[in-house]
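*Asks:* What follows is a single structure, and I will ask about it in a moment.
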Amino acid sequence: MEKKSPHFLFRGLVSHLELTCLCLVRAFREANFALYVDAIQQILPSLFAMDHINYARWLAVHYRDLQVLSSRHPDVYKHISDGAFVVHKIKGAFSIALDHAHEQVNALV
């Protein structure tokens with residue numbers, strides 16, 4: 001139906017973007033670095049398509065840095081792959097992104 005109707009095409013694109021954003025949230029919550037990198041890769045074309053130039057440029061730089069991290073800094077890559085790119089506020093599988101943790105600490109101050 002996406003080939004026949006522009007409405008179906010639009011809804012399909014929006015649904016894909018929404019699911020990708022949910023994958024990004026899941027990557028933060030589960031401290032899953034591989035899912036985080038995959039979600040970043042999938043979001044990038046949408047940022048260029050929506051003309052969010054600054055986000056698209058800097059996210060592309062961030063994505064490239066993530067791609068070369070394993071070869072340039074294997075010890076850092078191992079540490080981050082073990083879940084060090086998020087904050088674990090409670091014991092268990094639940095975690096939050098670093099910027100969210102900073103905002104919570106700032107709110108306490």
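*Asks:* Just checking, does the range 4-22 include any residue being under 10 Å from the mean Cα position of the chain (by Cα) and crowded, with 16+ Cβ neighbours inside 10 Å?
*Replies:* yes
*Asks:* Criterion first (closer than 30 Å to residue 1 by Cα, open to solvent by less than 70 Å² (accessible area, probe 1.4 Å) and at pLDDT 90 or above) does residue 38 satisfy it?
*Replies:* So residue 38 passes the test.
*Asks:* With the checklist (1) of a type outside the set (Phe, Trp, Tyr); (2) in a helix (DSSP H, G or I); (3) modelled with pLDDT of 90 or more in hand, flag the one item residue 107 doesn't pass.
*Replies:* So residue 107 meets the others, but not (3).
*Asks:* Considering only the range 6-31, state which residues are closer than 19 Å to residue 66 by Cβ and touching a residue at least 24 places away in the same chain (Cβ under 8 Å).
*Replies:* 20, 28, 29, 30, 31
*Asks:* Which count do you get for residues in the range 37-73 that are in contact with a Phe, Trp or Tyr (Cβ under 7 Å, 6 or more places away or on another chain) and closer than 18 Å to residue 85 by Cα?
*Replies:* 4
The values are calculated or read from the model by the stated rules, or taken from the named source; none is laboratory data. Just so it is clear, the structure is predicted and the values come from calculations on it, not from any experiment. Cβ coordinates were reconstructed from backbone atoms using ideal geometry, including for glycine residues, and neighbour counts include every protein chain displayed. Areas reflect the complete protein model, heavy atoms only, side chains present, ligands, DNA and RNA absent. Shrake-Rupley method; radii C 1.70, N 1.55, O 1.52, S 1.80 Å.
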